[in-house]
Amino acid sequence: MTIRPLIASVTALLAGSLVLAGCAGATGDAPSATTAAPTQAASAEQTAALLAEYGLTGMDAQDMIEHLDRLGGDERPSDLMASIRTDELLLAADGVETTLEMPEDSFYVSIAPYLTQTHDCFFHSLTTCQGELVGADVQVTVVDDVTGETVVDEETTTYENGFVGLWLPREMTGTLTVTHDGASVESPISTTADSATCLTTLKLA
């Protein structure tokens, strides 16, 4: 292998590890390329062992996401990386990586409204992302900008990680509104192939 392809391969590997790491906390710190562990694709046996180790056996991607996104504190498996992409859920632990397909007609985005501090995020990490508002009552609405249809209109409570997860129709562009304790924020939201699965820029005012 020549030097240039070797550098490209290493760079791609580190980039993949970084994407898996995702956001780490409310301060915006995330693992660096120097600390990211290389991973390899899991075999069927390794995948089964990984799922069993973290109590995920028998779950599809949607079940896993809804389970992991609601965990907080010591309940979180700190050695499992779980990153939500637009079309798949990536899981990695012990140097191996596996993926599960997302629902064809649904897109998952996790939102973290905040008052004073937040962090950068694009692909939501189910085991490392932490928002500011935990257990906060919020009103969430999402309106499709093209059809005018209200696709979400609910009162809910932020999870232990400070986020609220939304399953939305794919290929939609809309407007998200979050209200909490008299403060609110409005933001564009989309569910296209290049959309974020993690929204942390929702400053309540």
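The values are calculated or read from the model by the stated rules, or taken from the named source; none is laboratory data. The structure displayed is predicted, hence computed values, not measured ones. When we count neighbours, we look across all protein chains shown, and the Cβ atoms used for this are built from the backbone with ideal geometry, even at glycine.
Residues in segment 130-150 include at least one that is surrounded by fewer than 20 Cβ atoms within 10 Å (Cβ to Cβ), without any contact (Cβ under 8 Å) to a residue 24 or more places away in the chain and either β-branched (Val, Ile, Thr) or within 18 Å of Gln62 (Cβ to Cβ) (or both). Of the residues making up segment 99-129, those that are over 18 Å from Ser195 (Cα atoms), surrounded by fewer than 20 Cβ atoms within 10 Å (Cβ to Cβ) and touching a residue at least 24 places away in the same chain (Cβ under 8 Å) are Leu100, Leu115, Gln117. The lone criterion from (1) modelled with pLDDT of 95 or more; (2) surrounded by 15 or more Cβ atoms within 10 Å (Cβ to Cβ); (3) assigned to a loop (DSSP other than H, G, I, E, B) left unmet by Thr57 is number (2). Residues in segment 155-174: is at least one touching a helix residue (DSSP H, G or I) at 6+ places or on another chain (Cβ under 8 Å) and either buried (at least 19 other Cβ atoms within 10 Å of the Cβ) or without any contact (Cβ under 8 Å) to a residue 60 or more places away in the chain (or both)? Yes, because at least one residue in segment 155-174 is touching a helix residue (DSSP H, G or I) at 6+ places or on another chain (Cβ under 8 Å) and either buried (at least 19 other Cβ atoms within 10 Å of the Cβ) or without any contact (Cβ under 8 Å) to a residue 60 or more places away in the chain (or both).
Do any strands (runs of 3 or more DSSP E) lying entirely in segment 92-205 carry at least 2 residues that are over 26 Å from Ala82 (Cβ atoms), small (Gly, Ala, Ser) and at pLDDT 95 or above, and which ones are they?
On the way: elements: 96-101, 106-114, 137-144, 150-157, 164-169, 173-180, 183-190, 198-203.
Filter on segment 92-205 gives 183-190.
Considering segment 86-97, and only residues there that are in contact with a strand residue (DSSP E or B) (Cβ under 8 Å, 6 or more places away or on another chain) and surrounded by fewer than 20 Cβ atoms within 10 Å (Cβ to Cβ), the residue that is nearest to Ala52 (Cα to Cα) turns out to be Val96. Selection of first residues in segment 45-56 that are within 14 Å of Thr99 (Cβ to Cβ) and of second residues that are crowded, with 18+ Cβ neighbours inside 10 Å, restricted to Cβ pairs under 6 Å at least 6 apart or on distinct chains, gives the following pairs, ordered by first then second residue: Thr47/Thr98; Leu50/Ala93; Leu56/Met64. For segment 73-85, check the following and say yes or no: at least one residue is closer than 19 Å to Ala196 by Cβ, β-branched (Val, Ile, Thr) and not in a helix (DSSP H, G or I). Within segment 73-85, one or more residues are closer than 19 Å to Ala196 by Cβ, β-branched (Val, Ile, Thr) and not in a helix (DSSP H, G or I). Taking the criterion of being free of Cβ contacts under 8 Å to residues at least 60 places away in the same chain and among the hydrophobic types (A, V, I, L, M, F, W, C), the residues of segment 80-98 that qualify are Leu80, Ala82, Leu89, Leu91, Ala93, Val96.
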